[in-house]
Amino acid sequence: AAAEKGGYDFFMLKEIAEQPAALADTLLGHLDGGRIVLDEQRLTDDDLRDVDKVFVVACGTAYNAGLLAKYAIEHWTRLPVEVELASEFRYRDPVLDRSTLVVAISQSGETADTLEAVRHAKGQKARVLAICNTNGAQIPRESDAVLYTHAGPEIGVASTKCFLAQIVAAYLVGLALAQARGTKYTDEVAREFAAMEAMSDAVTEVLGTMEPVGELARSLAHHDTILFIGRHVGYPVALEGALKLKELAYIHAEGFAAGELKHGPIALIEDGLPVIIVMPSADGRAILHSKMVSNIREIQARGARTIVICEEDDLSARSVADHFIPIPKVPTLLQPLVSTVPLQVFAATVAQERGYDVDKPRNLAKSVTVE
Ligand code: G6P
């Protein structure tokens, strides 16, 4: 068993380390002669041109990947994108028709609610594209088309490498739609694709700096509550960081949109409460960055212990950080691929420090095939 884990104590730790390869393998072959190729052409460019609305449906970590997809797909295609938990979507009577594209994201391809959401969408004549990590699973079998993530088998119950692979796969769908609809030119698509390819190295770089994150996690492992905040694409990352900590360490953890702090969550801040903040790039949209710096000031003034994930040279964020976790400078939409990694390591280390089985958290299953 130790050999299977490649020298790591847990499969999850091995899977975190495999993320650069998961990204590279998922992208491999999807840019051909300047065009994004999604699948074996079951969804043609004509099909994609007809799309006037996109739904992304998923559960758990795959849902957080879906939330990220919305930022990229709307930005690149100007199509409206709704992201919904499969368990809500399927019972809600959503408005779907032939020109709706439903993207179902599922690592296992067997999650009951996601499968039923696919069946409902097909019943309403929507086109369904599955993003899946498991060859020949039920969800891809019942979908019109499938885009496989090539992350390799994921054994740890808490999803890690599949999350990163799902993000780039969903972004590929966005680029394919943009290309078919003419909202992006071939050279722009090629540039975005190359930027995604470069993320393997960026993730490798982050993985090399996880030692202090482990130390920080051990020092905070006794806390009962840890909060996460983010803005724009940092918001789904905050949700994913909180989900990982709940799943693995059984700590009350919640992610919030930073702009919502004043609408409730700030009331939770008390002396010494750790808050993990996902900072947007200092070179990106300046307004996002400066809003986040003021958010950090507000919670620090109320006693929060601020742990800030930001770029190394982001001095204004560092000036309000009790602890800071550096990440490389990458394009805004791709930042989640690097900022999620320390949060995975953080949750796994807290769980280990508390003596829990990181691969098999209590009450959870790798794939939820009953409702
Ligand atoms: C379970 C797993 C999660 C996963 C979710 C969705 O809750 O513990 O890690 O994100 O199911 O699974 P899927 O296979 O549909 O991606």
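The values are calculated or read from the model by the stated rules, or taken from the named source; none is laboratory data. Because the structure is a prediction, the values reported are computed rather than measured. As a convention, Cβ positions derive from the backbone with ideal geometry for all residues, glycine included, and neighbour counts pool all protein chains shown.
Let me confirm something: among Leu67, Leu79, Leu96, Leu48, which residue is away from the ligand (no atom under 14 Å from the Cβ), closer than 26 Å to Gln335 by Cα and in contact (Cβ under 8 Å) with a residue 40 or more places away in the chain?
Values: Leu67 fails: away from the ligand (no atom under 14 Å from the Cβ); Leu96 fails: closer than 26 Å to Gln335 by Cα; Leu48 fails: closer than 26 Å to Gln335 by Cα.
The match here is Leu79.
Do the conditions hold for Ala178, that is, is it in a helix (DSSP H, G or I), modelled with pLDDT of 95 or more and away from the ligand (no atom under 16 Å from the Cβ)? Lay out the reasoning, then the answer.
Numbers: in a helix (DSSP H, G or I): yes; modelled with pLDDT of 95 or more: yes; away from the ligand (no atom under 16 Å from the Cβ): yes.
In short, yes.
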task: Note down all Cβ pairs under 8 Å where the first residue falls in segment 348-368 and is of a type in the set (Lys, Arg), the second is crowded, with 21+ Cβ neighbours inside 10 Å and not in a loop (DSSP other than H, G, I, E, B), and they're at least six residues apart or on different chains.
output: Arg354/Ala249
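From Glu110, Glu88, Glu142, grab the single residue that is of a type outside the set (S, T, N, Q), within 13 Å of the ligand (Cβ to nearest atom), surrounded by fewer than 21 Cβ atoms within 10 Å (Cβ to Cβ) and over 14 Å from Thr61 (Cβ atoms). Outline the logic, then answer.
Working: Glu88 fails: within 13 Å of the ligand (Cβ to nearest atom); Glu142 fails: within 13 Å of the ligand (Cβ to nearest atom).
Only one candidate qualifies: Glu110.
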- request: Please work out which one of (1) within 16 Å of the ligand (Cβ to nearest atom); (2) closer than 18 Å to Tyr148 by Cα is the condition Leu43 fails and give its number.
  value: (1)
task: Could you tell me whether Glu312 is within 16 Å of the ligand (Cβ to nearest atom), surrounded by fewer than 23 Cβ atoms within 10 Å (Cβ to Cβ) and charged (D, E, K, R)?
output: no
- prompt: Restricting the search to segment 145-160, which residues are within 14 Å of the ligand (Cβ to nearest atom), surrounded by fewer than 23 Cβ atoms within 10 Å (Cβ to Cβ) and farther than 16 Å from Cys59 by Cβ?
  reply: Tyr148, Pro153, Ile155
field: Search result, residues across segment 316-343 that are more than 16 Å from Phe163 (Cβ to Cβ) and of a type in the set (S, T, N, Q)
entry: Ser316, Ser319, Thr332
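Which of the residues spanning segment 117-139 are more than 12 Å from the ligand (Cβ to nearest atom) and more than 22 Å from the chain's Cα centre (by Cα)?
Initial filter on segment 117-139 (more than 12 Å from the ligand (Cβ to nearest atom)): 119-129, 135-136.
Within segment 117-139, Arg119, His120, Ala121, Lys122, Gly123, Gln124, Lys125, Ala126, Arg127, Gly136 qualify.
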query: Inside segment 299-330, can you point out the residues that are within 22 Å of Glu260 (Cα to Cα) and part of a strand (DSSP E or B)?
result: Arg305, Thr306, Ile307, Val308, Ile309, Cys310
